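The values are calculated or read from the model by the stated rules, or taken from the named source; none is laboratory data. Since this is a predicted model, take the numbers as computed values, not measurements. Using ideal geometry, Cβ is built from the backbone for each residue, glycine included, and neighbour counts are taken over all protein chains shown. Areas reflect the complete protein model, heavy atoms only, side chains present, ligands, DNA and RNA absent. Shrake-Rupley method; radii C 1.70, N 1.55, O 1.52, S 1.80 Å.
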Amino acid sequence: AQSVTQLDSQVPVFEEAPVELRCNYSSSVSVYLFWYVQYPNQGLQLLLKYLSGSTLVKGINGFEAEFNKSQTSFHLRKPSVHISDTAEYFCAVSVPSLQKLVFGTGTRLLVSP
Amino acid sequence: DVKVTQSSRYLVKRTGEKVFLECVQDMDHENMFWYRQDPGLGLRLIYFSYDVKMKEKGDIPEGYSVSREKKERFSLILESASTNQTSMYLCASSESRDVQFFGPGTRLTVL
């Protein structure tokens, strides 16, 4: 079975500072990896995904993530955050042969002026 | 753009009532999913469907059932609502085995 760990439940950061949201996964088979964002009172929106190929993946709104197979990690980064990035961020994995996603517990990013 | 809509944004029901949550997608997707989202627990899969009239249990199916009579519509049913089913319910759909597209969610309160 697959599992996802997001160790940080909340990350406070000042506007224009860099941020990294951590995600580690566990799986005995190859996986697809995703980051979703949830703005207040909305559903989830895809930020970026890793299926294969280049381990550095660029997404929307200036976010990027790097797949590290040896460390089973898929950390999300942004070099300079904005107030509007305040949201909850979810890391998820899926096994290519299955339709199901397994989500982490989420990290709330709080950007202050 | 893919659009996934859910019948209600907010719903208040009483213990023991039968509750229907409806989800409709407009992109002819094969797969549809129901999750519940609770603070500190992330999203947990209740049921999913990969075809009309087909359903599969997710990780927490107890107390729920589903119906998929048409490809675009996937209903979640709480046969007898209980207070521990107070939660945010999210519907999603997908075509391939990767990206899922989510609806805005229904916040259900059971009194």
What are the residues of segment B:70-111 that lose 30 Å² or more of accessible area, with a 1.4 Å probe, going from their chain alone to all protein chains?
-> B:R97, B:D98, B:V99, B:Q100, B:F102
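Of B:K18/B:K70; A:K78/B:K57; B:K18/B:K57; B:K13/B:K71; A:K100/B:K13; A:K78/B:K3, which sit over 25 Å apart, Cα to Cα? Kindly include the intermediate steps, with their values, before the conclusion.
Values: B:K18/B:K70 21 Å; A:K78/B:K57 37 Å; B:K18/B:K57 20 Å; B:K13/B:K71 28 Å; A:K100/B:K13 29 Å; A:K78/B:K3 28 Å.
Those over the limit are A:K78/B:K57; B:K13/B:K71; A:K100/B:K13; A:K78/B:K3.
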Separation of the A:S30 and B:T5 label points, Cα + 7 Å toward Cβ, nm | 4.0
Using a 1.4 Å probe on the protein chains only, how many percent of the accessible area of chain A belongs to carbon and sulfur?
-> 51
Which whole-number percent is the relative contact order of segment A:51-113 (Cα, under 8 Å, 6+ apart)?
-> 23
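When the accessible area of segment B:8-81 is split by element with a 1.4 Å probe, what percent falls to carbon and sulfur? Could the numbers behind the result be given before it?
Values: 1910 of 3810 Å².
On segment B:8-81, the fraction of accessible area on carbon and sulfur atoms equals 50 percent.
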Considering only protein heavy atoms, what is the solvent-accessible area of A:L46 at a probe of 1.4 Å, reported in Å² to the nearest 10?
-> 50
Pulled fully out, how much extra length does the chain show between A:Q42 and A:T86, if you take 0.36 nm times their separation in residues and subtract their Cα-Cα distance?
-> 14.6 nm
Give the residues of segment A:22-56 whose amide nitrogen is closer than 15 Å to a point set 7 Å from the Cα of B:E72 in the direction of its Cβ.
-> none
To the nearest 0.05, the calculated FRET efficiency linking A:N61 and B:E17 through their beta-carbon distance, R0 being 25 Å, is 0.05
Taking every alpha carbon pair in the protein assembly as shown and sorting the distances into 5 angstrom bins from 0 up to the bin holding the longest one, the percent per bin comes out as 1, 7, 15, 19, 19, 16, 12, 7, 3, 1, 0
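At most 13 other C-beta atoms within 10 Å and a DSSP loop state: those are the exposed trypsin sites (Lys or Arg not before Pro) I care about. Give me the longest piece of chain B that has none.
Values: sites that count: B:K3, B:R9, B:R14, B:K18, B:K53.
With trypsin sites (Lys or Arg not before Pro) excluded where exposed in loops, chain B gives B:54-111 as its longest stretch.
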Among residues of segment A:42-66, a drop of 50 Å² or more in 1.4 Å probe accessible area, assembly relative to the chain on its own, occurs for A:L44
List of segment A:93-113 residues, accessible area with partners at least 40 Å² below that of the chain alone (1.4 Å probe) = A:Q99, A:K100, A:L101, A:F103, A:T105
Using a ≥ b ≥ c from the Cα gyration tensor of segment B:4-63 (square roots of the eigenvalues), is it rounded, prolate or oblate, where a/c under 1.5 gives rounded and otherwise the larger of a/b and b/c decides, a/b for prolate?
-> prolate
With every protein chain in place, the accessible area of B:E22 for a 1.4 Å probe, in Å² rounded to the nearest 10, comes to 50
Computed log₁₀ I(q)/I(0) - Debye formula, equal Cα scatterers, no solvent, chain B, q 0.15, 0.16, 0.20, 0.24 Å⁻¹ | -0.57, -0.65, -1.02, -1.44
Segment B:19-72, accessible area per residue, ligands and nucleic acids excluded (1.4 Å, Å²) = 48
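Apply 1/(1 + (r/R0)^6) to the Cβ-Cβ distance of A:A17 and A:S70, taking R0 = 25 Å, and write down the FRET efficiency to the nearest 0.05.
Values: r = 28 Å, r/R0 = 1.13.
Given R0 = 25 Å and the Cβ-Cβ separation, E is 0.30.
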Cα Rg, Dmax (largest Cα-Cα span) when computed across segment A:16-82, Å | 12.4, 38
Would you mind getting the accessible area per residue of segment A:2-45, heavy atoms of the protein chains only, 1.4 Å probe, in Å²?
-> 52
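If I stretch the segment between B:D26 and B:R107 completely, what's the gain in nm (0.36 nm per residue apart, minus their alpha carbon distance), one decimal? Don't skip to the answer; put the middle values down first.
Values: separation 81, 0.36 × 81 = 29.16 nm, distance 2.21 nm.
Difference between extended and current length: 27.0 nm.
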Using only protein heavy atoms and a 1.4 angstrom probe, determine the accessible area buried between A and B, summed over both sides, in Å² to the nearest 100.
-> 1800
